[in-house]
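Every number in this text was worked out from the coordinates using simple rules, so none of it is lab data. Keep in mind that this is a model prediction, so the values were computed, not measured. Reconstructed Cβ throughout: ideal geometry from the backbone, glycine too, with neighbour counts over all protein chains shown.
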Amino acid sequence: MSHSEHLDCALLAIDNANREDPNREQVGGDLLPREYAYSLHMTRWLFALDPAPSERMQIACRAQHVERWTMPRKDYPEGRKGYYEWRQACGRMHGRRAAEIMAACGYPQGECDRVETILTKRELRKDADTQLLEDVACMVFLERYFADFYEEKAEYDREKWLRIVRRTWGKMSPRGHEAALKLAEGMPAHLLALLQEALAEPEA
């Protein structure tokens, strides 16, 4: 296999896995499996932030939520600690599955291990690939899910929302900040105001 054939094999396998998601998301006029839709959003934003991404980054972004529905949030304790336990477990699972898929498609073990490390985000802020993945994920959240999340969590007070926005912002690089500010110009007024307030007075 050539490198491009390895990539096509891996992306197709990830897509086929994510098409099994029983949950659905509306994308334009189509109702798509949710994690498959999410993976397409990730790929779109990857190319927006890096017009010539490496194969490993294309795979990592496509596999960011691979088969996530098999590990539901409700299986972990309520509260912030339980949430982080769930997120870390998801990252390990996504990394392992991506590495398995890559190996089956003929990638060398070193590349499989590299993508697994990126997806676990153990090297966030230290590793450029991991940081790019986080920037892409944050952009997808802000564009596609922030508004719905805000409506779903109406019980959150203003201070909690400010903390959420500041933490999201704190995970991003200057490249991500620039893209997010441009995206924010088209946000609903209440979300734009929240973003502006959060950035005007960073969390102590």
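Worth pointing out:
- Ranked Y83, Y76, criterion: other C-beta atoms within 10 Å, fewest first: Y83, Y76
- Residue of Y38, Y84, Y107 that the Gaussian network model of the chain assigns the largest fluctuation, springs spanning Cα pairs under 10 Å: Y84
- For the range 134-204, the relative contact order comes to 47 percent (Cα pairs under 8 Å, sequence separation of at least 6).
- Ratio Rg/Rh, restricted to the range 9-103 and using Cα atoms, in which Rh is the Kirkwood radius: 0.99
- Taking the range 1-120 and dividing mean pair separation by its residue count, relative contact order in percent (alpha carbons under 8 Å, at least six apart): 26
- Cysteine residues of the chain whose C-beta has no other cysteine C-beta under 4.7 angstrom: C61, C90, C112, C138.
- Residues considered: C105, C61, C138. Largest GNM mean-square fluctuation over the chain, using C-alpha springs under 10 Å, is found at C105.
- Neighbour net charge for R125 - beta-carbon separation under 15 angstrom, K R +1, D E -1: +1
- The distance separating the Cα centre of the range 68-91 from that of the range 10-28 comes to 21 Å.
- Listed residues S54, S173, S39, most fluctuating in the chain (Gaussian network, C-alpha, under 10 Å): S54
- Across the range 51-98, Cα pairs under 8 Å and at least six residues apart give a relative contact order of 48 percent.
- Of the DSSP H helices in the chain, those whose Cα atoms cover at least 24 Å axially and whose Kyte score averages 1.6 or more: none
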